[in-house]
Amino acid sequence: MSLRSAINAMCRDCICDPLDAGSAAQQIGCCVSTDCPLHSVRPITTTAIPVRLLDGYHIALEQLDTRARGLVKLDAVTSESGQIGHFQSIETIPEGELCSVTGNAEGEG
Ligand code: SF4
């Protein structure tokens, strides 16, 4: 077995969980155990790492090393993600906190 194959096998045995989210490559890429002697030589592929996967692993983008950080793919931004805080349905907003809108669709009021 080559050194490369041995390191790959070690990382796979260490961190990979087939029942967890993400592929083996993504799970190894998201390893944040920087005190491990294999960390800087762990296998990194070109498989993208979606941001939501980091959320699932409860790690922040800043915790990844530069090799893994370059693989992180930002999720699409939607109008909902542009809101401040959690999405709040208009039905749950107290009456006094709503702006009063008068008039009709043509702007007459
Ligand atoms: S680099 Fe990470 S995945 Fe690989 S052996 Fe070390 S702790 Fe485990």
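The values are calculated or read from the model by the stated rules, or taken from the named source; none is laboratory data. Everything numeric here is computed off the predicted structure, so don't read it as measured data. Every residue, glycine as well, gets a Cβ built from its backbone with ideal geometry; the counts of neighbours run over all protein chains shown.
Apart from one condition, ASP65 fits all of (1) within 8 Å of the ligand (Cβ to nearest atom); (2) surrounded by 13 or more Cβ atoms within 10 Å (Cβ to Cβ); the exception is (1). When you scan the stretch 53-62, how many residues do you find that are charged (D, E, K, R) and surrounded by 12 or more Cβ atoms within 10 Å (Cβ to Cβ)? Count: 1. Scanning the stretch 37-51 for residues that are more than 10 Å from GLY22 (Cβ to Cβ) and either hydrophobic (A, V, I, L, M, F, W, C) or not in a loop (DSSP other than H, G, I, E, B) (or both) yields LEU38, HIS39, SER40, VAL41, ILE44, ALA48, VAL51.
Checked across the stretch 7-29, the condition of being more than 11 Å from the ligand (Cβ to nearest atom), exposed (fewer than 10 other Cβ atoms within 10 Å of the Cβ), at pLDDT below 90 and not aliphatic (A, V, I, L, M) holds for no residue. Scanning the stretch 3-36 for residues that are touching a Phe, Trp or Tyr at 6+ places or on another chain (Cβ under 9 Å) and part of a loop (DSSP other than H, G, I, E, B) yields a total of 5.
I'm trying to understand the selection: among the residues of the stretch 30-42, which are more than 8 Å from the ligand (Cβ to nearest atom) and either modelled with pLDDT under 90 or buried (at least 17 other Cβ atoms within 10 Å of the Cβ) (or both)? Within the stretch 30-42, CYS30 is the sole residue that qualifies.
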